[in-house]
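Some notes on the structure that comes next.
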Amino acid sequence: MSNERRRSPGRRAADATLAPIDVEDAFVALTDGILLSDRRGKILSANPAAFRILGETKLVGRSFEELLLVSGATMVQDEEGHRVRRAWFPRDDRMGVLDMVSIALGDRGTLHTVRDVTAQAELLRLKEDFLLQVAHELRTPIAALSASLDLLLEDALSMPRDELGSMVSTLRRSALRLEHLVENLLDAGSIEAGTFQVRAIPASVRVSLQEALVFVQPLLDSKHQHLESDLHSDSDRVLADPRRTGQVLSNLIANASRYSPEATTIAVTSVTRGGFVHVTVSDAGPGIPQDEQTRLFQRFFRSREVRDQAGGLGLGLTICRAIVQAHGGEISIDSAPGRGTSVHFTLPKARHLTEEAGAQ
């Protein structure tokens, strides 16, 4: 290495003239709000994100502590030279959340960063709600199992045969419900970990529907609901994982039943278009507001229209989307308040893909 190279500083001389431009560009481009105030608390400079997040049109020259959102914030941490505050503000249908960090720079003033953490706070709220829902969803079948087993333990030998059969059916339904819940929980974990897989083989939509009914028929019966299926023979064979296809149908039918009134009809239909089988599950429920439809496939999310009236973990549609997309299909929702909901998903048609493979 030459002496000239050893004497060279870490930054080239030409770079020094670019440094202020780089810093300024970064300051403007940051999505977090950045403000610098002097020793008296007057704002000297602020990037565009600060105006947007704080909802202010004028910042420079104003007192940072007197800004509306800052003055009403709650202190989270207050150490020497380091303050963390949190503020809440109205935002659409829920409260927005801001985190504000102020770091003292000595004689140069104070550096403030403002970050919109609404999404993170919402996710935390959804997770907390999810844990409560898991406990609630597990409690019902476990209570039924426990009560039935207690009765069997006391009266199994003297119980009439038909009553014994009814008791065993109750045990089986409760066990199947637990299996369904645990399967969804495990699948949600594998989706998050990126290890979710399907095994596609020639399969029947009709057979998958019959297997799905094993899980959901008790739910339909409890609300006196009727399932109508119209599966055309030419749209029955798909190239898909049979168990996963049944899981999609059971999740969608369970959702339709859970959010629909008693004594209503849930329809399952299928048609073939463009080498794919299009399956639709329709219900007569309350419908879903347009502003919520883009969030329906998020983990833990449940529509505010039915959040308090119906159970569920908010995982069903997330799992359905993962299964359908793993097969190369698509899933979508058609809904509006007052006219029910239809969920459409596609799977590759088995014969179509088999013929393509043969042609190659």
Peptides ranked, highest mean first, by Cβ atoms within 10 Å: ranges 166-172, 48-54: 48-54, 166-172
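Show me the ranking of peptides 284-292, 24-32 by mean Cβ neighbours inside 10 Å, starting with the highest. Present the calculation step by step, with values, prior to reporting the outcome.
Working: 284-292: 16.8, 24-32: 12.0.
Final packing ranking: 284-292, 24-32.
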Placing each pseudo-label 7 Å from Cα in the direction of the beta carbon, Arg108 and Lys127 end up separated by a distance in nanometres of 3.5 nm
Contour minus Cα-Cα span, Glu65 to Gln77, at 0.36 nm per residue, comes to 2.7 nm
If neighbour count is taken as other Cβ atoms inside 10 Å, put Leu138, Leu315 in order from fewest to most. Leu138, Leu315
About its Cα centre, how strong a charge dipole does the range 163-275 have in debye, to the nearest 20, once Lys and Arg get +1 and Asp and Glu get -1 at the Cβ? 120 debye
Here, Asp230 and Gln293, labelled 7 Å along Cα→Cβ, have an inter-label distance in nm of 2.1 nm
Could you put Arg199, Arg40, Arg62 in order, starting from the residue whose Cβ has the fewest other Cβ atoms within 10 Å? Arg40, Arg199, Arg62
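How high is the FRET efficiency from Arg115 to Glu179, r the C-beta distance, R0 51 Å, rounded to 0.05?
Details: r = 42 Å, r/R0 = 0.83.
With a Förster radius of 51 Å, E is 0.75.
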Using a basic spin-label model with each label point 7 Å from the Cα along Cα→Cβ, how many nm lie between Leu151 and Ala193? 3.9 nm
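Using Cβ counts within 10 Å as a stand-in for footprinting exposure, how do Val279, Val268 rank, fewest first?
On the way: Val279 27, Val268 22.
Final ranking by Cβ density, sparse to dense: Val268, Val279.
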What per residue convex hull volume, in Å³, comes out for the range 127-359 when only alpha-carbon positions are used? 145 Å³
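Since every read-out is calculated from the coordinates, none of them should be taken as a lab result. Model, not experiment: these values are computed from the prediction. As a convention, Cβ positions derive from the backbone with ideal geometry for all residues, glycine included, and neighbour counts pool all protein chains shown.
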